[in-house]
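Read the structure below first, then the notes.
The values are calculated or read from the model by the stated rules, or taken from the named source; none is laboratory data. No experiment lies behind these values; they were computed from the predicted model shown. Every residue, glycine among them, receives a Cβ derived from its backbone with ideal geometry; neighbour counts consider all protein chains shown. Just the protein is used for accessible areas: all its heavy atoms, side chains included, with ligands, DNA and RNA removed. Shrake-Rupley method; radii C 1.70, N 1.55, O 1.52, S 1.80 Å.
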Amino acid sequence: MPFGELARHWTLDPGIDFLNHGSFGACPRPVLEAQAELRARMERQPLQFLARDLEGLLDEARGALARFVGADPDDLAFVPNATTGVNTVLCSLEVKPGDELLTTDHAYNACRNALRRQEQRGAKLSVAQVPWPIAGSRQVVEAVLASLTPRTRLALIDHVTSPTGLVFPVQELVGLLQERGVDTLVDGAHAPGMLPLDVRAIGAAYYTGNCHKSLSGPKGSAFLHVRRDKQARTRPLVISHGANSERTDRSRFRLELDWTGTDDPTPYLCVPAAIDFVGSLLPGGWPELMARNHDLALRGRRILCEALRVEPPAPDSMLGSLVSVPLPDFDGPPPDWSEGAWYHPLQRTLLEKHRIEVPLMIFPAFPKQLVRATAYAYNSEDQFTRLAAALGKELASALP
Ligand SMILES: Cc1ncc(COP(=O)(O)O)c(C=O)c1O
């Protein structure tokens, strides 16, 4: 059995060592079943479901999510993914020519593109260089603060970075930036379900997170949290009935973001099922699962570092359950996301020859390619050992 014993709850191909929960998540069977039931109910009486029942169902789902992420449900909106969360905020900003938007060089490419789009409105993008390898989170704080100018309006800060798997000190950064008059948009795509989360305590003007990654919700489930003082200005990307609704029992923020045209709302409605089911897998619930995933990620990283003969590039304290390890210099093109990174030759070899699904990454400021593995409930240490052996074999001639 190539998987951890909890793998029976997932529909993942048992012939593949799936070490890439980080890219798109994977939804467990009982949550998919709950979604199928909701879809059947929707199609039995679409009017009843979408026009009459949906509002209450969304409120219930939002309530459960709010308890899980430490938020007031009134400040939360469901969105299909973190990319939409980021774009919603950026398109709602009043950007004046010369305003600066700040991010770091560890930011996710799609979200950096969303920032770049604001250059058309006259904004200037600046990118703080956060070291990698890194010694501690102080270096993140120093890099971000050193990149501020009097024109900086908003900083897009990742909670868990995509190429490098670092947990950034977002609460500290939000406070320091706010003291300097700068709002923060936290890209928490990976955080819900990976790290204990208290969005209210983080205090960011905006926080977006995915429910289809570490939370194991259905694809297309995510949230945008907007602090009360920013809600009136935050509009969805798609304008619909909420814009001129005469209802006074709900905020404009709620009315606009809850309905952006006909769509399948079942991913949102299944978030409570994901929270409950994944949280029931171990006696200690989510805290135990997060700690176990973190511990497996650290053990897995040690195994990979030993096989690749590299020093760990970041302290354990800066990691969740996503770990990136530099590969030795080898003869092979870097992954090219725009041209289908999923077919990078080494990645293809790992999948086709070794039956391991794991992404290779580039981090522009660093000369070597990275392998990024995720430890999730269904993974086991054996899978990291097999990945280390496969990389050791394929890269033998390049190892130091
Ligand atoms: C840091 C980060 N932000 C945003 C995203 C985008 O997530 P989605 O495709 O669900 O919008 C990802 C996806 O991996 C990510 O790693």
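Starting from the Cα of Gln171, step 7 Å along the direction of its Cβ; do the same at Arg138; then give the gap between the two resulting points in nm.
2.0 nm
For segment 23-95, build the charge dipole from Cβ charges (+1 Lys, Arg; -1 Asp, Glu) around the Cα centre, then report which of Ala71, Met42, Ser92 sits farthest towards its positive end.
Met42
For the chain, list the DSSP H helices whose alpha carbon atoms reach 27 Å or more along the long axis and whose average Kyte-Doolittle value is -0.5 or above?
Numbers: long enough: 285-308 (34 Å, -0.22).
Length and hydropathy pass: 285-308.
Determine, from the Cβ-Cβ distance of Arg302 and Thr149 and an R0 of 45 Å, the FRET efficiency 1/(1 + (r/R0)^6), rounded to the nearest 0.05.
Efficiency computed from Cβ-Cβ geometry: 0.65.
What figure, in Å² to the nearest 10, do you get for the accessible area of Tyr268 with a 1.4 Å probe and non-protein molecules left out?
Approximately 40 Å² of Tyr268 is accessible to the 1.4 Å probe.
Connecting C-alpha atoms closer than 10 Å in a GNM of the chain, tell me which of Ala232, Ala51, Ala389 has the biggest fluctuation.
Comparing Ala232, Ala51, Ala389 in the GNM, the peak value goes to Ala51.
Which stretch or stretches of segment 165-180 have amide N atoms under 14 Å from the point lying 7 Å from Asp198's Cα along the Cα→Cβ direction?
Within reach of a label on Asp198: 170-172.
Does the chain come out rounded, prolate or oblate, given a ≥ b ≥ c as the square roots of the eigenvalues of its C-alpha gyration tensor, rounded meaning a/c under 1.5 and, failing that, prolate meaning a/b above b/c?
Judged from the Cα gyration tensor, the chain comes out oblate (a/c at least 1.5, b/c at or above a/b).
Calculate the dipole size of segment 210-319 relative to its Cα centre from +1 charges on Lys and Arg beta carbons and -1 charges on Asp and Glu beta carbons; express the result in debye to the nearest 20. Before the final figure, lay out each step's value.
Numbers: 16 positive and 13 negative charges, 69 e Å.
Using only the charged Cβ atoms, the result is roughly 340 debye.
Using Cα-only point scatterers and the Debye equation, what is log10 of I(q)/I(0) for segment 278-400 at each q in 0.11, 0.13 Å⁻¹, rounded to two decimals?
Each listed q maps to, in turn, -0.39, -0.53.
Using the Cα centre of segment 122-224 as the reference point, and only Cβ charges (+1 on K/R, -1 on D/E), how large is the resulting charge dipole? Debye, rounded to the nearest 20.
220 debye
In nm, give the distance between the simple-model label positions of Arg121 and Ala40, each being 7 Å from the Cα along the Cα-to-Cβ direction.
It is 4.6 nm.
Ignoring ligands, DNA and RNA, what accessible area per residue does the chain give at 1.4 Å, in Å²? Before the final figure, lay out the partial values.
Values: 16720 Å² over 400 residues.
In whole numbers, the chain has 42 Å² accessible per residue.
Which of rounded, prolate, oblate describes segment 155-234, given a ≥ b ≥ c as roots of the alpha-carbon gyration tensor eigenvalues and a/c under 1.5 marking rounded, otherwise prolate only if a/b is larger than b/c?
oblate
Could you check which residue among Gln383, Gln129, Gln120 shows the biggest mean-square fluctuation in a GNM of the chain with a 10 Å Cα cutoff?
For the chain, modelled as a Gaussian network with Cα springs under 10 Å, the answer is Gln120.
Per residue of the chain, what 222 nm ellipticity follows from adding -39500 (n - 2.57) for every DSSP H run with n ≥ 4, rounded to the nearest 500?
For the chain, the value works out to -11000 deg cm²/dmol.
Hey, got a sec? Which GluC sites (Glu not before Pro) in segment 211-308 land in a DSSP loop and have at most 15 other Cβ atoms within 10 Å?
Glu246
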